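Everything below concerns the one structure shown next.
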Amino acid sequence: MNVEQAEMLMRRNTNFKVYEDKGVAVTKELQEAGFSNIKIWEQPMNVFYRDGEDYMSKFAEPELKNFCESQGLMEKFTTIRAETVAHYDQISKDTLKSFAIACIYAEKN
């Protein structure tokens, strides 16, 4: 599996899809479901990882395993894990990376 195929697979059905349009669709869905006072914002997640292995072992491995199980890809888990570690290392080079998360608050009476 090359990087493009892995990115396409991860985009297909993940929690990141909820925020890919900066919350426009999820806001509409929440309103249609009867929620109000909806607030959505980005928040830096200042948890740093030394490298891809550190990121995987401390954070991403359980999510990747769940994803592979749900998609019937457990036989490819080791390969996808190794590619994710290598991709993280390629992106971060010699700098520590942090992430931004989307926070969603809504009320329903």
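The values are calculated or read from the model by the stated rules, or taken from the named source; none is laboratory data. Just so you know, these numbers come straight off a predicted model, no measurement behind them. Glycine gets a Cβ as well: all are built from the backbone with ideal geometry, and neighbour counts include every protein chain shown.
Suppose we filter SER57, SER92 for residues that are among the polar types (S, T, N, Q) and over 27 Å from ASP21 (Cα atoms); which single one remains? If you could, list the steps in order and put the result at the bottom.
On the way: SER92 fails: over 27 Å from ASP21 (Cα atoms).
Among SER57, SER92, only SER57 is among the polar types (S, T, N, Q) and over 27 Å from ASP21 (Cα atoms).
In the stretch 78-104, what count of residues is obtained for those that are at pLDDT 95 or above and of a type in the set (Phe, Trp, Tyr)?
Number of matching residues: 0.
For residues that are closer than 20 Å to VAL3 by Cβ and in contact with a Lys or Arg (Cβ under 9 Å, 6 or more places away or on another chain), scanning just the stretch 66-85, find the one that is surrounded by the fewest Cβ atoms within 10 Å (Cβ to Cβ).
The qualifying residue surrounded by the fewest Cβ atoms within 10 Å (Cβ to Cβ) is GLN71.
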